Amino acid sequence: MSEDNMQPGVLPDHAIEAMAERGEIRPDSPFAETQVQPASLDLRLGKTAYRVRASFLAGDTATVAERLEEFTMHKVDLSHGAVLEKGCVYVVPLMEALALPHTINAVANAKSSTGRLDLLTRTITDRGTEFDRIPRGYTGPLYAEICPRSFSVLVRPGMRLNQIRFREGKAVLTDDELRARHAKSPLVSGDAVIGEGLGFSVDLRPETGNLVGYRAKPHTGVIDLDNIGGYEPADFWEPIETDQGRIILDPGAFYILVSQEAVTIPPDCAAEMAPYLAMVGEFRVHYAGFFDPGFGHGVPARGVLEVRCHEAPFVLEHGQVVGRLVYERMASAPRTLYGADLASNYQGQGLKLSKHFKM
């Protein structure tokens, strides 16, 4: 497809590849297989992790390298694999750098499997004042700040913990556009709660059984992020069961829950998960917030919710609206869609842990 046919919106896979050919994305080595996703690019860890005293942003007058000179406690060589310990903060230079044109900005987010492991991963840039937001025209390196919250993890160079999405212009669908699309072809099962995006709620009354989610155990072994399907869920997770349609979230605990609704991302759209109400401050829903074109398209798929409770115990009720999907137009159709085209791990999902755990 010609890049001349694109409208304002999220750049698809073929446009991302064209950016690399033009030098607007500058990888240390050629892209790995499946690194370019339908509406995003996976970012790869480099060979060194810097254990730092605290999370930081470079600020508008400094580079990340300058901040690392201030805050680094020690370096960790990842070449042969190394453990990033729970509760510690690390900064890892990524294998991709950018030289964005002045018409394109970018946003980063953790990948699905990263979020489901409670592995807080954010992208920082030179002279950056926000996490995960890269302004138009940014030229420079990219870094991942990584803080394992529930489990220590074994990582190696080239692993992909976060991803980046590129945008040209503004293309967020208005609420009226969402209503029109939903009326023509449902975006969500059941009634659509639309307000600055498409709302979704938590499912605490499953159709069968009483398993509604999982809570991370506090003292576990290390998870090797290359070990797919190799771990017993019971070694790392406590099942959460209820017959009452409600659970009480414990402060500091991390939960995997699932949305009540099946959601659909049409092939000409991408979406990002966002908090439903900023005023509801007792818990945070989502670490991995990108939904690619084709998610749930033709195959019902619910959103997995990564939930962390904050200061006080909080009663979560069945059907409570906990998040919203902000839809954006694609600049043009991607070459491949999420799902069968990519053998995606989470198409057609319900309540599901990350791909590292046995089914």
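The values are calculated or read from the model by the stated rules, or taken from the named source; none is laboratory data. All values derive from a computational prediction rather than experimental measurement. Note that each Cβ is placed from the backbone with ideal geometry, even for glycine, and that neighbours are counted across all protein chains shown. In case anyone asks, the SASA skips ligands and DNA or RNA and just uses the protein heavy atoms, side chains included. Shrake-Rupley method; radii C 1.70, N 1.55, O 1.52, S 1.80 Å.
Observations
- Apart from one condition, Glu272 fits all of (1) modelled with pLDDT of 80 or more; (2) assigned to a loop (DSSP other than H, G, I, E, B); (3) closer than 24 Å to Asp132 by Cα; the exception is (2).
- Every residue from region 210-247 that is open to solvent by less than 50 Å² (accessible area, probe 1.4 Å), under 30 Å from Val321 (Cα atoms) and either touching a residue at least 60 places away in the same chain (Cβ under 8 Å) or of a type in the set (Gly, Ala, Ser) (or both): Val212, Gly213, Tyr214, Ala216, Pro233, Phe236, Trp237, Gly245, Ile247
- Residue list for region 1-42, restricted to those being open to solvent by less than 10 Å² (accessible area, probe 1.4 Å), at negative phi, out of contact with any Ser or Thr (no Cβ under 7 Å at 6 or more places or on another chain) and not in a helix (DSSP H, G or I): Val10, Leu11, Ile25, Gln35, Ala39, Ser40, Leu41, Asp42
- Condition broken by Ile265, with the remaining ones in (1) open to solvent by less than 50 Å² (accessible area, probe 1.4 Å); (2) among the aliphatic types (A, V, I, L, M); (3) under 16 Å from Leu305 (Cα atoms) satisfied: (3)
- Looking across region 132-162, not a single residue is within 16 Å of the chain's Cα centre (by Cα), among the polar types (S, T, N, Q) and more than 15 Å from Ser354 (Cβ to Cβ).
- Check on Phe151, in contact (Cβ under 8 Å) with a residue 40 or more places away in the chain, part of a loop (DSSP other than H, G, I, E, B) and open to solvent by less than 30 Å² (accessible area, probe 1.4 Å): yes
- Test: residue in region 165-179 that is under 23 Å from Ser113 (Cα atoms), among the basic types (Lys, Arg) and surrounded by 15 or more Cβ atoms within 10 Å (Cβ to Cβ): yes
- Residue within region 56-63 that is among the hydrophobic types (A, V, I, L, M, F, W, C), open to solvent by 10 Å² or more (accessible area, probe 1.4 Å) and modelled with pLDDT of 95 or more present: yes
- With respect to being at pLDDT below 95 and touching a strand residue (DSSP E or B) at 6+ places or on another chain (Cβ under 6 Å), Arg215 falls outside the description.
- Evaluating Asn109 against the criteria (1) at negative phi; (2) outside any strand (DSSP E or B) leaves one unmet condition, (2).
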